[in-house]
Each structure stands twice: as structure tokens, then as C-alpha cells.
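Below you'll find the structure, written out as C-alpha cells, and then a few comments.
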Amino acid sequence: MISGYTALYGLIAHPAQHSLSPFIHNTGFHQIQMDARYAVFDSQATPAAITSAIKTLGIRGVNLSMPYKQSLVPLVDNLTSTAKLVGAINTIKNEAGRLTATNTDGDGFWCALQKAHPQRRYRSVTILGAGGAALAVIEAAVRYGVQQVTVFKRANATYDSVIQRLAQISLASGLQIIVEPYDDQLALATALQNADCLINATNIGMTATPGNPLPINLLQYLPEDSLVADLIYAPRETAFLKTAQKAHYQIQNGLGMLIEQAALSFEFWTNESMTTMPIYQHLTGGNDAS
Ligand code: NAP
């Protein structure tokens, strides 16, 4: 029952109403018998209004999605080293008005991969796209044994700044990071030949952005025992994953990342673990590539 003592957590984003996060976090609070609830705040308020609301209303912790992951970075009191390197945050903890922020997307991706394929090791990885989620996955990669990442990004206005950020990540972690223009098919074919894992971190394949993020004929360069992953979870099987599965690659969609990044946010707020297995089972019916 909700009372005057119930702690409030939530997602602040726009759009937000479709989110699975309330189900995931409220299940977690129920598991640990914590008097807390997680709600959705579908908001387009200014970043300053958002941090002010978190403090004024005493909201204990929030997740952030579009359009706040980068714009709130300068407004919090403390950033974890991961948040500083990625330059984007998805989790804020409010301790008596002091806001500490981190980014759990990258560790969430690799944790999900480890749970789904515990026997696999990833030394060399190819990533399509270099937005906020890709940077988080790259920053975390070294903690999961990855030694080298080749990133394909459109040669547009953000190319140089992304190269600079990736150089900082490389310097901090020792991960070898190579950046190539997205349309360089020769470089892509070469990178694929050495990749244990190919990751789509572009928006291509989402319901609103259908399509395949790479020319299908290039998939033949990827070794047959490599894993193909997509950060997208709606739809659960993008055209990219369908193509890869037809070519007999093992695949992984973005649902596991969604669940594990939530579990890591939950732990950041409460210092308690969320048991994710029942959440996977509820959301997949037990038979999904997540
Ligand atoms: P973002 O910051 O907007 O980055 C999108 C990336 O996709 C950018 O690098 C962009 O290229 C690239 N891109 C978009 N359209 C492209 C095109 N037509 N050709 C080539 N590249 C294109 O978004 P994000 O937050 O990183 O999210 C990326 C994906 O990850 C989304 O599908 C999102 O749903 C998913 N995601 C999943 C989870 C999860 O929990 N499973 C969490 C976060 C994100 P430029 O850099 O050139 O603009």
C-alpha cells in the first residue's frame, strides 16, 4: 500500500508511456519488500526544471532517457567515472538533495550478454553507430575482457567530437578503439573478419526507423561462430537480427540490456540486488533472444 512514507522513484523522458521500467523496478521493490514505487514522468520540461523537481519533491532516484541523458550531465552534483567518460547519464540518486549520476547502459549490455552466453568471450568487437548507447557499451567493454573495438560512424558534424571522446575512453581503459566512416565498406568487411561480436547500436531497425544497418552481403565476412547483437528491443527481432539468424549466427536483442541496466540502477539506488530471472521470464515467455 502507498503511504506517506513510500519512497518515489521513476523514469523521466519523452516519450515514456510505453516504458517497461515501471514493471521491472516495481517487481524489484516487491522482491526486497521495500516501501517504494516507480512511476513514469512523461516530461518535456527544461533540464533545470527536472533537477529542481527531483530535489523539491524528494524523488529518491530516477532513470533518464531521451531527451535528458546528456542535457542533465552538467546539472548534477556528482558523476561516476563511467558517466564522465560516456558523457551521458541514465540514473540519478538523490541523497538529501545531492544528486549523483551514473550510466548503467554499458554494463547492462555486457551483463546481459554474459548471462545469455556464459561460455562466450569477446576480444574484438565491431559496433555500428556511436551515439550515447554505443559509447556506454564501448566504455564498459574492457571490464568484460574486450581488447579491441572498431566503431563505424557517419562522417558528419559529430564525427570529430566522438573521436575525441573515444580517445578519452581508450586512454582511461587501455581498450584499443578504431573509428571508421560508416559508409567505408572495405573497412567494414575487414573489421568483420576479425570480430567475435557485431553490435548494431544505431536506431536502424526500430519500428519508426525500419531497415538493416549494414549491406546484407557484408555479413558473409563475419566468422560463423561470432555473435550478432542489436541494442533494439522493440521490435524484439529487427530485420538485422532476422538476417543474422537466417545466416546461422547466434543473436541477442536489446531486452536483456534493458533488464540488466535497470537492475544496476536499482542496485545503485538501494544497495540491493534485483533478481532478474522472473522478469526475463515474464517479458519473454522464456523463449526469446535476449
Ligand atoms: P543516439 O544517441 O541517437 O545514437 C544513434 C546512433 O545511430 C548515432 O551514432 C547515429 O549516427 C546512428 N544512426 C542513426 N541513423 C543512422 C543511419 N541512417 N545511418 C547510420 N547511422 C545512423 O541513440 P542511442 O541512445 O545511442 O540509442 C541507439 C539505439 O540503442 C536505439 O535503437 C535505442 O533504442 C537503443 N538503446 C537500447 C537500450 C536498451 O536498454 N536495450 C538502451 C539505450 C539505447 P550519427 O552519430 O552519425 O548521428
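Numbers at a glance
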item: Pair list, Cβ < 6 Å and 6+ apart or interchain, from region 151-164 residues that are assigned to a loop (DSSP other than H, G, I, E, B) to residues that are hydroxyl-bearing (Ser, Thr, Tyr) and at pLDDT 95 or above; result: Arg154/Tyr182
item: Residues being in contact with a Phe, Trp or Tyr (Cβ under 7 Å, 6 or more places away or on another chain) and either loosely packed, with under 14 Cβ neighbours inside 10 Å or over 19 Å from Ala136 (Cβ atoms) (or both) - total across region 183-199; result: 5
item: Any chance Glu237 is among the acidic types (Asp, Glu), away from the ligand (no atom under 12 Å from the Cβ) and buried (at least 16 other Cβ atoms within 10 Å of the Cβ); result: yes
item: Residues being within 14 Å of the ligand (Cβ to nearest atom) and of a type outside the set (Val, Ile, Thr) - total across region 86-114; result: 13
item: Residue within region 188-201 that is more than 15 Å from the ligand (Cβ to nearest atom), of a type in the set (S, T, N, Q) and assigned to a loop (DSSP other than H, G, I, E, B) present; result: yes
item: Scope region 153-187; condition of a type in the set (S, T, N, Q), more than 15 Å from the ligand (Cβ to nearest atom) and under 25 Å from Asp225 (Cα atoms); matching residues; result: Gln176
item: Selection status of Ala289, crowded, with 22+ Cβ neighbours inside 10 Å and either at pLDDT 95 or above or not in a helix (DSSP H, G or I) (or both); result: no
item: Every pair of residues 6+ apart whose Cβ atoms lie under 7 Å, when the first sits in region 29-55 and is farther than 21 Å from Tyr5 by Cα while the second is of a type in the set (S, T, N, Q); result: Asp42/Gln17; Pro47/Ser71; Ile50/Ser43
item: Enumeration of residues in region 212-256 that are of a type in the set (Gly, Ala, Ser) and part of a strand (DSSP E or B); result: Ala229
item: Residue ID - farthest from the ligand (Cβ to nearest atom), chosen from residues in region 115-146 that are out of contact with any Phe, Trp or Tyr (no Cβ under 9 Å at 6 or more places or on another chain) and free of Cβ contacts under 8 Å to residues at least 40 places away in the same chain; result: Gln119
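The values are calculated or read from the model by the stated rules, or taken from the named source; none is laboratory data. Here the structure is a predicted model, which is why all the values come from computation and not from measurement. Glycine gets a Cβ as well: all are built from the backbone with ideal geometry, and neighbour counts include every protein chain shown.
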